Amino acid sequence: MIGIDIEEVKRFNKYLKNSKIIKRIFSQEEIDYSYSKKNVAQHLAVRFAAKEAVWKALSSKNRKIAITDIKIINNKYGKPEVFIKNKKNTKMELSISHTDKYAVAVAIFS
Ligand SMILES: CC(C)(COP(=O)(O)OP(=O)(O)OC[C@H]1O[C@@H](n2cnc3c(N)ncnc32)[C@H](O)[C@@H]1OP(=O)(O)O)[C@@H](O)C(=O)NCCC(=O)NCCS
């Protein structure tokens, strides 16, 4: 199964002023990674897009999960990897890209 999502970065620029929203959506690792970069909102936006794409790629029986159950962590090469709470054996491939305006993600569940 495949999933895709696109987000507008400006929405996440607004969220930067509200740490409660940020903490409700993202894990501490995702927050730390994004804030270590120059364009924080782009990295948050693409992680949100990634979570949505992952959710779309899951089969309907596996979709009873919260957005915070899906974590996007970059490996040592910079490639983003997907971790889903209580689903250790879920094989999910993810690719993400972002510009000033948009953040996109594609996920494939095999
Ligand atoms: C890593 C790279 C592909 C990112 O591309 P970019 O156009 O700068 O930026 P994009 O917005 O498209 O992608 C950024 C995302 O790529 C992902 N990425 C980084 N390294 C990666 C890797 N080794 N494998 C897969 N994805 C990677 C990250 O998730 C990053 O987003 P994040 O920092 O928010 O997690 C690029 O910097 C690079 O190294 N390019 C070299 C490509 C090359 O040699 N091309 C010539 C042959 S085609």
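Details
- Checked across the stretch 23-40, the condition of being modelled with pLDDT of 95 or more and under 18 Å from GLU93 (Cα atoms) holds for at least one residue.
- Close pairs from the stretch 93-109: first within 11 Å of MET1 (Cα to Cα), partner assigned to a loop (DSSP other than H, G, I, E, B), Cβ under 8 Å, at least 6 apart: GLU93/SER110; ILE108/MET1; PHE109/MET1; PHE109/LEU58; PHE109/SER59; PHE109/THR90; PHE109/LYS91
- Set GLU52, GLU93: member being surrounded by 12 or more Cβ atoms within 10 Å (Cβ to Cβ), in a strand (DSSP E or B), modelled with pLDDT of 95 or more and more than 9 Å from the ligand (Cβ to nearest atom): GLU93
- The stretch 61-82 - residue that is more than 11 Å from the ligand (Cβ to nearest atom) and surrounded by fewer than 16 Cβ atoms within 10 Å (Cβ to Cβ) and, of those, nearest to PHE26 (Cα to Cα): THR68
The values are calculated or read from the model by the stated rules, or taken from the named source; none is laboratory data. All values reported here derive from a predicted model rather than from experimental measurement. Quick reminder, even Gly has a Cβ in these numbers, built from the backbone with ideal geometry, and neighbours come from all protein chains shown.
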